[in-house]
Ligand SMILES: Nc1ncnc2c1ncn2[C@@H]1O[C@H](COP(=O)(O)OP(=O)(O)O)[C@@H](O)[C@H]1O
Ligand SMILES: Nc1ncnc2c1ncn2[C@@H]1O[C@H](COP(=O)(O)OP(=O)(O)O)[C@@H](O)[C@H]1O
Ligand SMILES: [Mg+2]
Ligand SMILES: [Mg+2]
Ligand SMILES: [Mg+2]
Ligand SMILES: [Mg+2]
């Protein structure tokens, strides 16, 4: 089975919903090792995305995702704005013209997102950032696709890997982003961006299922 | 019996001691309806007085009290500095050349102090100031002198009147000094200057007795 | 109590010493008498301007000493008026032979101590005039009470009168201008939190999380009334209304608008108040000819603000605009 | 939370609107894009200087827009970097044909957003250079991390580089000076209390009555370490020592000394710190050539301070002294 444009729209709506619900929680996480705005930033960004969705009712997936990217870039600010923005922009580019995504398209999309985040943010795995959710998700997605696992299952393992990756940031020492200023004191706290990334992937699985 | 120069010195030492002990309490009273410094001000002033006492070992009472006045003027600041300062200066003037005070001298001294406070501060009885301790003390001292009450007893009724007068400031509405800015909210609090005045008169009775 | 100090006893002198270290081109600080004097004082033939009061209101008054403003400031202990000897030392240090104006905020302590100082100066043959600022509309004015407090107008008056004295005006004219500025200016303040006097070591008064004090002075005293916390718009309205009424400000008139922070309130909030103030004045067709926003007459670390409106004429504006070079206010130089 | 605001959502725009109301002679505020632009921009042939960052650091950066300093400032939400569209709008508004310098504080968000803005400007044919300030010695510098934060030096750099651009220097020279100032300046900060982000509604971190944070930035984040409250002398020593070491300041050298308050600390305390700083520098025979003390780069209502030392040469001093007229810094005009 494949992910349709409608499922992509449902995905974004669900992301907006979750980020709104988790606004305080994400902000609290950011208060501990950052500047107490991640939930506020993401909520603002996805609210703006939702407002633009109606105008894209008949657009292809690439157009939708590019709109998400530019909207996040122009409304979120902070580190997460350019990073998520670039991720969705690149996701849009590799899905240009598509009205449905098959398993390998999803892998390609995730790979493009990760590349976008790394080109901008210059971070690697284990630096306590959103990549620590995205990278394991991409890895398992890639493997699942090789194993010809079908979509629902692929998205499930993928979101589970993201969730586990996000939870593992608890014990990591931050070397990128704002939490890096805390040095050793960053250990013992979850990375807010990794958690928001895991929500985004969880929402995709939900929207498909 | 009469009050000697030595008793005056003992008086001032006792005042300094009491004001130091009551420093926090007086400051607290001032915090409620003023600016939280009366105890600090009085303690600073009488510390300075004590330091100058040795140089006045053989001086007459007038010289000692004038020294107290100028020292308070130049170290206390605030409203209480000029008021107590002028009070002691005038007390010094009416006792110039004396090495002991009889009952009528004490009355004259108290009258001079009150006059000094009123000339400077322009307050009347019932305005919730130090005068509400001094004025009743002067009244009973005057009466006691007319009644030919002897010194110990005169000082006792005098300090008791001051104490009662100070306690009565609780229910007064302030119309002079800093507490007047509070309007109705000044009611229900003791006036710090009236309380310090009652300590000063209590110390005189103690020093004599 | 959390403060960047070494001890409650040393804070005033050490702070003055820090001023001296950073502004030795502008001022001379005498730590013994706690007076701040213009580096180039005395200036022959110029009317000397002296102000002073308790410490804890920084930059008032020490930060306003310098060309075009004060010749000297006398600083008492925290919230405690200075003593006459300080004013005497300052008067001697800056007297240029043209007389001296004392700018006194209306508090019993300040008035009495300056009054004694004026007596001392007169005895030394120095001509002294005084202006007592009493702009606080939170306090009812009356012959039978201590009267209104002197607050925000003092800053504006020190600048305008300082500019006039710098221009060479004689004592009579300078004093007259001081009276005019005091007459045309009104203020009112409010507190979100109490300040903490170092020697006391804790807040002077307790305020609930949803309470504020309206009608405060600058000595950490509680205000006229305690009310529920409100929005910036409501608070600004509460402060501006009595000012406009008392001044009888009318459409078409011009004001110098002064939004002052009490010490612990950041500029971002003061500008929100300025926004509300501008809205109210626009609605009444009153023009903001000049303005000042920031922490200029403070109450230690108190959070809150005061608003001052001064009805200005061309002459006041001219001396407001005149060059000034002090640690806290500087332009044109 | 006790603040002079109407709502967490409206505080940034209303504060900007208040600035506009009081300083319409100096700046134009675009509330839509949250940019503050010099009233007389664009100035043909002058290098444009743009800075920006999250709000909550007032007067930085909006208060530094005006003659002799910034041409424009882009303000994000509280503690959140502005977005590239804001920089794009500002760049277009002030470009005078001589190129534009972006002054960026080193935070991932600021760097990334300004980087995207520079790409947009390049696409429009506007020459853009960037300087990333990173003066905070509390953070270990390293190729493998986000590196040191940009804090106090940013203020000094905006003034000096602004003065140079005003004098007509080309983009290359202006950028070189920016690099030199950043290279010669170091800072370190501390907090007595946490700040309170309006949208969060409570303190970002909890600190005990006898604790403080050493090595903080300006976004209300906790510092490098939490230690027992200490005296102003000890705190100043903790801040100055790593700065002097990192800068390798030597006897006989000259510095611009900047004692900055975090927003909730009154001037009386900053001067106590200045006193301690002057004592330490005197002991090392380092001269304070120029100084600045006050709340200039803040973290909302946080109590605390930062110290910045900038090793200056004659040219830096010349452009520091050059006339400036902005809402927050003014002299010579
Ligand atoms: N260099 C980077 N690469 C990838 N992710 C990063 C990087 N820097 C920061 N992040 C992510 O951004 C999140 C913070 O986002 P946010 O709080 O919105 O921005 P800011 O840190 O500017 O306030 C962090 O939790 C982290 O996951
Ligand atoms: N006009 C006045 N006449 C008499 N006593 C006064 C007057 N004004 C103030 N006082 C006294 O001074 C006391 C306050 O002294 P203090 O706190 O040392 O000075 P300040 O009010 O300047 O801080 C008041 O409690 C009151 O008793
Ligand atoms: Mg953040
Ligand atoms: Mg008092
Ligand atoms: Mg006092
Ligand atoms: Mg942020």
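Restricting D:239, D:249, D:270 to residues that are touching a residue at least 12 places away in the same chain (Cβ under 8 Å) and more than 15 Å from residue D:304 (Cα to Cα) narrows the list to D:249. Within region D:96-120, the set of residues being crowded, with 22+ Cβ neighbours inside 10 Å and more than 14 Å from every other protein chain (Cβ to nearest Cβ) comprises D:100, D:101, D:102, D:103. Within region C:205-221, if we keep just the residues that are assigned to a loop (DSSP other than H, G, I, E, B) and either within 21 Å of the chain's Cα centre (by Cα) or within 16 Å of ligand 6 (Cβ to nearest atom) (or both), the residue that is nearest to the other protein chains (Cβ to nearest Cβ) turns out to be C:219. Any chance region D:260-268 includes a residue that's modelled with pLDDT of 95 or more, within 14 Å of another protein chain (Cβ to nearest Cβ) and assigned to a helix (DSSP H, G or I)? Scanning region D:260-268 turns up at least one residue that is modelled with pLDDT of 95 or more, within 14 Å of another protein chain (Cβ to nearest Cβ) and assigned to a helix (DSSP H, G or I).
Candidates A:121, A:126: the one that is away from ligand 5 (no atom under 16 Å from the Cβ), at positive phi, touching a helix residue (DSSP H, G or I) at 6+ places or on another chain (Cβ under 8 Å) and touching a residue at least 40 places away in the same chain (Cβ under 8 Å) is A:126.
Is it the case that some residue within region A:95-117 is modelled with pLDDT of 95 or more and within 16 Å of ligand 6 (Cβ to nearest atom)? Checked against the condition, which is being modelled with pLDDT of 95 or more and within 16 Å of ligand 6 (Cβ to nearest atom), region A:95-117 yields no hits at all.
Take residue A:102 and tell me if it is surrounded by fewer than 22 Cβ atoms within 10 Å (Cβ to Cβ) and more than 16 Å from ligand 2 (Cβ to nearest atom). Yes: the conditions hold for residue A:102. Assess whether residue C:291 counts as being at pLDDT 95 or above, surrounded by fewer than 24 Cβ atoms within 10 Å (Cβ to Cβ) and assigned by TED's automatic domain parsing to the domain that holds residue C:201. Yes.
Per this entry, residue A:81 is counted among residues that are within 18 Å of residue D:118 (Cα to Cα) and either modelled with pLDDT of 95 or more or away from ligand 4 (no atom under 16 Å from the Cβ) (or both). Being more than 16 Å from the chain's Cα centre (by Cα) and within 14 Å of chain D (Cβ to nearest Cβ) is a property that residue A:55 lacks. If the condition is being in a loop (DSSP other than H, G, I, E, B) and over 15 Å from residue B:15 (Cα atoms), then region B:62-82 contributes B:77, B:78, B:79. When region B:176-198 is filtered for residues that are touching a helix residue (DSSP H, G or I) at 6+ places or on another chain (Cβ under 9 Å) and either surrounded by fewer than 22 Cβ atoms within 10 Å (Cβ to Cβ) or outside any helix (DSSP H, G or I) (or both), the ones remaining, listed by number, are B:176, B:177, B:185, B:187, B:188, B:189, B:190, B:191.
Here residue A:85 meets each of (1) surrounded by 24 or more Cβ atoms within 10 Å (Cβ to Cβ); (2) part of a loop (DSSP other than H, G, I, E, B); (3) in contact (Cβ under 8 Å) with a residue 12 or more places away in the chain with one exception, condition (2). The set of residues in region D:234-258 that are part of a helix (DSSP H, G or I) and buried (at least 21 other Cβ atoms within 10 Å of the Cβ) comprises D:235, D:236, D:239, D:240, D:243.
The single condition from (1) more than 24 Å from residue C:300 (Cβ to Cβ); (2) part of a helix (DSSP H, G or I) that residue B:124 fails is (2). Taking residue C:28 as the residue in question, decide whether it is over 24 Å from residue D:255 (Cβ atoms) and either free of Cβ contacts under 8 Å to residues at least 24 places away in the same chain or assigned by TED's automatic domain parsing to the domain that holds residue C:87 (or both). No: the conditions fail for residue C:28.
Criterion first (within 16 Å of ligand 4 (Cβ to nearest atom) and at pLDDT 95 or above) does residue C:76 satisfy it? Considered against the rule, which asks whether it is within 16 Å of ligand 4 (Cβ to nearest atom) and at pLDDT 95 or above, residue C:76 comes out as yes. Taken together, the criteria place residue D:53 among residues that are at positive phi and either at pLDDT 95 or above or in contact with a helix residue (DSSP H, G or I) (Cβ under 6 Å, 6 or more places away or on another chain) (or both). Residues that are outside the structural domain of residue D:55 (by TED's automatic domain parsing) and either within 16 Å of ligand 5 (Cβ to nearest atom) or within 30 Å of residue D:237 (Cα to Cα) (or both), at least 2 per element: which helices (runs of 4 or more DSSP H) completely within region D:65-169 meet that? Correct list: empty, since no element meets the threshold. The residues of region C:13-53 that are more than 8 Å from every other protein chain (Cβ to nearest Cβ) and either part of a helix (DSSP H, G or I) or closer than 30 Å to residue D:207 by Cα (or both), listed by number, are C:13, C:20. Restricting region D:121-136 to residues that are closer than 24 Å to residue A:181 by Cα and either surrounded by fewer than 24 Cβ atoms within 10 Å (Cβ to Cβ) or free of Cβ contacts under 8 Å to residues at least 60 places away in the same chain (or both), the residue that is farthest from the chain's Cα centre (by Cα) is D:130.
For region D:280-291, a residue qualifies if it is more than 8 Å from chain C (Cβ to nearest Cβ) and touching a residue at least 12 places away in the same chain (Cβ under 8 Å), and the qualifying residues are D:280, D:281, D:284, D:285, D:286, D:287, D:289, D:290. When residue A:129 is tested against (1) closer than 24 Å to residue D:215 by Cα; (2) assigned to a helix (DSSP H, G or I), just one condition goes unmet, and that condition is (2). With respect to being touching a helix residue (DSSP H, G or I) at 6+ places or on another chain (Cβ under 9 Å) and within 30 Å of residue C:37 (Cβ to Cβ), residue C:263 fits the description.
Comparison of D:64, D:79 shows that the only residue that is within 29 Å of residue C:302 (Cβ to Cβ) and touching a helix residue (DSSP H, G or I) at 6+ places or on another chain (Cβ under 7 Å) is D:64. Taken across region A:21-34, residues that are closer than 28 Å to residue A:150 by Cβ and part of a helix (DSSP H, G or I) do not occur at all.
The values are calculated or read from the model by the stated rules, or taken from the named source; none is laboratory data. Given the structure is predicted, the values throughout are model-derived calculations rather than measurements. Note that each Cβ is placed from the backbone with ideal geometry, even for glycine, and that neighbours are counted across all protein chains shown.
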